[in-house]
Amino acid sequence: MSCLGIYNKDMMMKKEEEEEVTRDGTVDYYGRPSIRSNSGKWVAGIIILVNQGLATLAFFGVGVNLVLFLTRVLQQNNADAANNVSKWTGTVYIFSLVGAFLSDSYWGRYKTCAIFQVIFVIGLSSLSLSSYMFLIRPKGCGDEVTPCGTHSTMEITMFYLSIYLIALGNGGYQPNIATFGADQFDEEHPKEGYSKIAFFSYFYLALNLGSLFSNTILGYFEDEGMWALGFWASTGSAILALILFLLGTPRYRNFKPTGNPLSRFCQVLVAATKKSSMEAPSRGREEMYDEDRQGKNASGDTGRRIVHTDEFKFLDRAAYITARDLDDKKQGGVNPWRLCPVTQVEEVKCILRLMPIWLCTIIYSVVFTQMASLFVEQGAAMKTTVSDFKIPPASMSSFDILSVALFIFIYRRVLEPLANRFKKKDGTKGITELHRMGIGLVIAILAMVAAGVVECFRLKYADKSCTHCDGSSSLSIFWQVPQYSLIGASEVFMYVGQLEFFNAQTPDGLKSFGSALCMMSMSMGNFVSSLLVTMVVKISTEDHMPGWIPRNLNKGHLDRFYFLLAALTSIDLVVYIACARWYKCIKLEAKDEMQDMVSDDDSDDYEEPMKDSRV
């Protein structure tokens, strides 16, 4: 055998040895390096997707008809019920920060998902029991015909305790399961890197398919007054999701938690403030503190350092080395509240750069949350019967789900391949995540305009002399299909793009926080929606006027509220475009070095997943 043949054989053996374990630093359940052949990939990914579908079915089995439960069973008016749903949904997403913090800092994503799913099951079981034993009295009430009796303070307290346990469980679980699913794919491997990007689209599809059953079958049962049956079905689905998740334990890849991100963030701010009077070093990063280039760094155990950037230069002072820092190092170690590695400084910069983009997504979430509240109330005031069959108003959101499924297919199979033919000169994608989010805002504006136009026609064909507005308009509920479909199309561009964007643009030690930012956007959208509804009701009811959103919608002007949201989203779009043009994406040194090391023959294989993770 020639020397060249021996050399090639040795290189192939070495490459196979390197391929045996993952390159991104993931470990198995016992803390050992993950073996590529028997861990992660689509086997683990599919388990997580099914788990997400079942958990979503359980969550929306409660959430999709909660506004009707509050109006029919607890006898709240439309505005109060819409506000309570917005507050509850907002709280779900507030708890996502709790889950992300515990995951990134202490527990890791696997343990965090398991614990919060247990809390989720407890909350659903408590709601099912309290509804069956106390709230649904007389039996069958809450079906729009049979009125429910009054409830004691203790019964109301049990109800709210149950739904907020559900909020805690689902909120802490959601941001981690999305990131945990992405962890099953090694982004440093060419094929797995591309699969990781595709996972987010399929994750959002699983989320919507899971809610399809809730919006149709469960929605029908609950609309007919069988609330306890619907809640017990949700509980059973959550239990199945938990069991399936635990069965996949041996297959999962895990990232170790990297410590408290809040302390790392504060260390940079404090260290930079202490050195506010220092002059910048003449040779930039070369004279700044760069902890252990070959070993662990501030972003965790993955060894991937963030490229230094020129934005927020004040924060660079945290990495300036002074004589006191050198003395501290000689005496036993660096004081992290006086001197921080460059990568730790860049982590803070990454989060600060993300904030303007994140703020611009809140108004979109205000639009999105109308599906669970005002869209349902609007549908209930329309003609909901086809022959002898009654269509539950909440089930109309199934058109949103079908639209999501359709547009995910169109985007991944048609638009994305077409756009990649027109790549920029630097090799980045034709349609970036920022582009997709902007398109989502445009479609959201069209959705609100469509909802406003439908409401104008609903009022035109409404019987304004009725004492209640349910079913009082002769306009068919199917006229809501365009607004639901447009919301679904906008979700594919906004929320899927948002998931990919925040996951790609957060440092390695803050991936769950990136997913939590997506949910926090929804949370703030719900709270802003609640505040907006309250302000509109207060202003529009002055001088004893019925207002825009009264209990009897036939006496109000819900169309004006929809047009107001369209106007606010248009303003938000202009601000978003300015923020997106200013944004600079994260760059990891290890990725650039790896790309330089691969041969020309292999470069195309590595190029696709890397480019898809850029903005």
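The values are calculated or read from the model by the stated rules, or taken from the named source; none is laboratory data. Just so we're clear, the structure is a prediction, and the values are computed from it rather than from any experiment. With ideal geometry, Cβ positions are generated from the backbone for all residues, glycine too; neighbour counts draw on all protein chains shown. Remember, those area values only see protein heavy atoms, side chains included, never the ligands or the DNA or RNA. Shrake-Rupley method; radii C 1.70, N 1.55, O 1.52, S 1.80 Å.
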Which numbered condition in (1) touching a Gly at 6+ places or on another chain (Cβ under 9 Å); (2) at pLDDT 80 or above is the only one that L218 fails?
(2)
Residues in the stretch 106-126: is at least one farther than 24 Å from L244 by Cβ and open to solvent by 10 Å² or more (accessible area, probe 1.4 Å)?
yes
Is it true that some residue in the stretch 464-484 is surrounded by 24 or more Cβ atoms within 10 Å (Cβ to Cβ) and in a loop (DSSP other than H, G, I, E, B)?
yes
If you go through the stretch 154-163 one residue at a time, do you hit one that is more than 17 Å from the chain's Cα centre (by Cα), under 27 Å from T534 (Cα atoms) and charged (D, E, K, R)?
yes
Among the residues of the stretch 238-250, which ones are open to solvent by 10 Å² or more (accessible area, probe 1.4 Å) and under 23 Å from the mean Cα position of the chain (by Cα)?
I239, L240, L242, L244, L246
Across the stretch 26-42, which residue is nearest to A198 (Cα to Cα) among those that are outside any strand (DSSP E or B) and open to solvent by less than 40 Å² (accessible area, probe 1.4 Å)?
G40
Going by the conditions given, is G295 over 31 Å from the mean Cα position of the chain (by Cα), under 17 Å from L588 (Cα atoms), at pLDDT below 75 and open to solvent by less than 50 Å² (accessible area, probe 1.4 Å)?
yes
Which condition from (1) open to solvent by 20 Å² or more (accessible area, probe 1.4 Å); (2) in contact (Cβ under 8 Å) with a residue 60 or more places away in the chain; (3) over 20 Å from L207 (Cα atoms) is the one that R412 breaks?
(3)
Would you check which residues across the stretch 251-271 are open to solvent by 40 Å² or more (accessible area, probe 1.4 Å) and under 25 Å from G210 (Cα atoms) and list them?
R251
Do we have S521 as modelled with pLDDT of 85 or more, touching a Ser or Thr at 6+ places or on another chain (Cβ under 6 Å) and closer than 24 Å to T89 by Cα here?
no
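S282 - would you say it is closer than 30 Å to S131 by Cβ, at pLDDT below 85 and not hydrophobic (A, V, I, L, M, F, W, C)?
Values: closer than 30 Å to S131 by Cβ: no; at pLDDT below 85: yes; not hydrophobic (A, V, I, L, M, F, W, C): yes.
For S282, the condition - closer than 30 Å to S131 by Cβ, at pLDDT below 85 and not hydrophobic (A, V, I, L, M, F, W, C) - is not met.
Every residue, every condition in (1) at negative phi; (2) part of a loop (DSSP other than H, G, I, E, B); (3) modelled with pLDDT of 80 or more, yes or no:
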{"site": "A44", "(1), (2), (3)": "yes, no, yes"}
{"site": "I47", "(1), (2), (3)": "yes, no, yes"}
{"site": "Q52", "(1), (2), (3)": "yes, no, yes"}
{"site": "L57", "(1), (2), (3)": "yes, no, yes"}
{"site": "G61", "(1), (2), (3)": "yes, no, yes"}
{"site": "L70", "(1), (2), (3)": "yes, no, yes"}
{"site": "Q75", "(1), (2), (3)": "no, yes, no"}
{"site": "A79", "(1), (2), (3)": "yes, no, no"}
{"site": "A82", "(1), (2), (3)": "yes, no, no"}
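Considering the stretch 525-539 alone, what residues qualify as being open to solvent by less than 60 Å² (accessible area, probe 1.4 Å) and modelled with pLDDT of 80 or more?
G525, V528, S529, S530, L532, V533, V536, V537
Residues to consider are S201, S214, S234, S162; find the one that is at negative phi, without any contact (Cβ under 8 Å) to a residue 40 or more places away in the chain and either crowded, with 20+ Cβ neighbours inside 10 Å or of a type in the set (G, A, S) (or both).
Just a single option satisfies the conditions, and that option is S162.
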Across the stretch 348-368, what is the total count of residues that are open to solvent by 10 Å² or more (accessible area, probe 1.4 Å) and not hydrophobic (A, V, I, L, M, F, W, C)?
1
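Can you spot a residue in the stretch 523-537 that is more than 30 Å from L352 (Cα to Cα) and without any contact (Cβ under 8 Å) to a residue 40 or more places away in the chain?
yes
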Selection from the stretch 88-105 of residues that are surrounded by fewer than 24 Cβ atoms within 10 Å (Cβ to Cβ) and either touching a Cys at 6+ places or on another chain (Cβ under 6 Å) or at pLDDT 80 or above (or both)
W88, T91, L97, V98, F101, L102, S105
Can you tell me how many residues in the stretch 128-144 are free of Cβ contacts under 8 Å to residues at least 12 places away in the same chain and either open to solvent by less than 30 Å² (accessible area, probe 1.4 Å) or not in a helix (DSSP H, G or I) (or both)?
2
For residues that are within 20 Å of the chain's Cα centre (by Cα) and assigned to a loop (DSSP other than H, G, I, E, B), tally how many sit in the stretch 371-408.
1
Quick one: would you say T157 is in a helix (DSSP H, G or I) and open to solvent by less than 40 Å² (accessible area, probe 1.4 Å)?
no
Only residues in the stretch 264-283 that are in a loop (DSSP other than H, G, I, E, B) count as the first member; pair them with residues that are at pLDDT 85 or above, Cβ under 6 angstrom, at least 6 apart or cross-chain, and list the lot.
K275/R317; K275/Y320; M278/R317; M278/Y320
